[in-house]
1. Can you sort Arg39, Arg181 by how many other beta carbons sit within 10 Å, fewest first?
2. Let me spell out the model: positive unit charges on the Cβ of Lys and Arg, negative unit charges on the Cβ of Asp and Glu, origin at the Cα centre of the stretch 39-197. What dipole size does that give, in debye rounded to 20?
3. Is the shape of the stretch 92-197 best called rounded, prolate or oblate, per the rule: a/c under 1.5 gives rounded, else a/b larger than b/c gives prolate, else oblate, with a ≥ b ≥ c the square roots of the Cα gyration tensor eigenvalues?
4. Could you list the residues of the stretch 152-167 with an amide nitrogen less than 13 Å from a label point located 7 Å from the Cα of Val179 in the Cα-to-C-beta direction?
5. I need the helices of the chain that pass two filters: whole DSSP H segments spanning 24 Å or more by Cα along the axis, and mean Kyte-Doolittle score no lower than -0.5.
Amino acid sequence: MDVANQPLLLIAICALAYLAGSILFAIPICRLSGLTDPRVLGSRNPGATNVYRSGGPLPAALTLLLDALKGALPVWLAQTFGFSVFAQAMVALCAVTGHMVPLWYRFQGGKGVATALGCGLVLAPLTTILLALIWLLIVWRWRISALASIIALGSGPVISALLEPDTLPMFGLLAIVIVIRHRNNLIRLAQGRESRF
């Protein structure tokens, strides 16, 4: 579907994506489980890695799943309505932006990696699966989530250009915003102070 034909529908889906992205599932999961608030652990990021530090693999896996779903569902909705890949990428970026600057948490959010994962699995599954494998390999070798995220998402533009070139603009923008979002982690990595699993 051409964006020009249904601009209000696309705006509505983008708004829904942002609002869904603004739900930081790490926080209610930790509260309901009686765990330490993830915003005071490690990198102080409300994401699956800090939930893992607080409560282990099960709450972390649930956080990862829900943070991915809030990215996947709006993109799937845009796909269902027949919007172009470009329009779906806009929806994906709105969901990731919601996680990074959430309305519900005074615009103080997380890094957006899990939400980007969910968006990518719907929009560009081959590229995203390969990036996830890169992430797992880096974590297995160095046990540093931030390093894995930076390398994996930083590889996104090259891999998407080779496998799913229509999605290159989305992965290019995701690489930029997620690397910028990890700027403090980059400083700690350079200083050898970045937290490990």
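1. Values: Arg39 19, Arg181 23.
Starting with the residue having the fewest Cβ neighbours, the order is Arg39, Arg181.
2. Numbers: 13 positive and 4 negative charges, 167 e Å.
With only Lys, Arg, Asp and Glu charged at Cβ, the dipole is about 800 debye.
3. Working: a/c = 1.91, a/b = 1.14, b/c = 1.67.
It is oblate, given that a/c is not under 1.5 and a/b is not larger than b/c.
4. Correct set: 152-159.
5. Working: long enough: 57-80 (33 Å, 1.05); 125-142 (25 Å, 1.78); 145-163 (25 Å, 1.82).
What comes out of the filter, once short or polar helices are dropped, is 57-80, 125-142, 145-163.
Computed from the coordinates by the stated procedures, all read-outs in this text should not be read as laboratory data. Everything numeric in this text was worked out from a predicted model, so none of it was measured. Here the Cβ is made from the backbone with ideal geometry for all residues, glycine too, and neighbour counts use every protein chain on show.
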